[in-house]
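Following: one structure in structure tokens, then a few remarks.
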Amino acid sequence: MTEPMLDSPTVSASTALSRLPNQRGDQIKRRPPARLSGLRVEPTAALEWSQAIERMGYAAAATTPAQARRSWVERAPERQVLHLFRAASHGGNTVQAPWWLRALHRGDLVHRQAGFAVEDGVHELLANRPGWFYVPWVGDGEDGYWEYVPSDPGTSTGLPTTVTLTDAHLGWLDVHPAHENDPRPAVAVAGLAGLAARLTEIEGW
């Protein structure tokens with residue numbers, strides 16, 4: 001159906017104009033659909049960060065830390081990574097991030113490669129001893145760790161001795177003794193040299 005012409009002999013100009021929409025009034029009266037009224041939009045930086053830490057490919061099948069480095073934060077230019085991390089964590093927001101990035105943000109590491117060197121050094125040390133296995137997949141933005149399988153208590157709730165990475169101290173490594181129910185406190189280790197010096201002791205816990 002076509003719109004009536006304003007100069008039609010059967011339709012007056014005033015009648016035709018009355019049928020046109022009051023655009024300004026319509027815009028003022030419009031409201032978001034009820035289903036969207038309670039929608040909360042997450043800040044852009046947080047959304048970008050969730051994508052930045054997402055593991056790409058088959059990181060879960062990695063047998064070394066190097067093979068597990070498949071996210072944007074591990075591959076993109078370091079300055080961009082730091083900028084996005086600081087934007088996402090602005091105002092005290094807690095965001096998931098690798099240990100080395102938190103240390104880099106505080107200035108405790110000079111660059112990202114220094115953190116990678118720690119990971120690779122630990123893996124080289126433990127891979128040359130029987131019983132140690134690397135576990136790459138924890139979650140997006142989380143760190144892999146090493147388990148000493150011979151120390152497994154052997155129950156459904158038991159956890160073997162585990163070496164984890166941390167930014168809580170400048171040794172970068174914690175050892176969690178094997179346990180079944182109540183975890184024992186983590187033992188801070190003084191870096192790769194400290195771990196190498198205590199491995200025999202640790203494997204005997």
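In table form, for the structure just shown:
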{"item": "Gln67 free of Cβ contacts under 8 Å to residues at least 12 places away in the same chain, more than 30 Å from Glu180 (Cα to Cα) and open to solvent by 70 Å² or more (accessible area, probe 1.4 Å)", "result": "no"}
{"item": "Subset of region 149-179 [surrounded by fewer than 16 Cβ atoms within 10 Å (Cβ to Cβ), more than 27 Å from Leu101 (Cα to Cα) and in contact (Cβ under 8 Å) with a residue 40 or more places away in the chain]", "result": "Pro150"}
{"item": "First in region 189-203 and closer than 15 Å to Tyr145 by Cα, second anywhere and open to solvent by 50 Å² or more (accessible area, probe 1.4 Å), Cβ under 7 Å, 6 or more apart", "result": "Val189/Arg198"}
{"item": "Any hit, region 131-147, residues being among the β-branched types (Val, Ile, Thr), open to solvent by 60 Å² or more (accessible area, probe 1.4 Å) and under 18 Å from Trp100 (Cβ atoms)", "result": "yes"}
{"item": "Test for Glu124: is it under 19 Å from Ala193 (Cα atoms), open to solvent by 30 Å² or more (accessible area, probe 1.4 Å) and charged (D, E, K, R)", "result": "yes"}
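The values are calculated or read from the model by the stated rules, or taken from the named source; none is laboratory data. In this text, all values refer to a predicted model and were calculated from it rather than measured experimentally. Every residue, glycine among them, receives a Cβ derived from its backbone with ideal geometry; neighbour counts consider all protein chains shown. Surface accessibility is based on the protein's heavy atoms, side chains included, excluding ligands, DNA and RNA. Shrake-Rupley method; radii C 1.70, N 1.55, O 1.52, S 1.80 Å.
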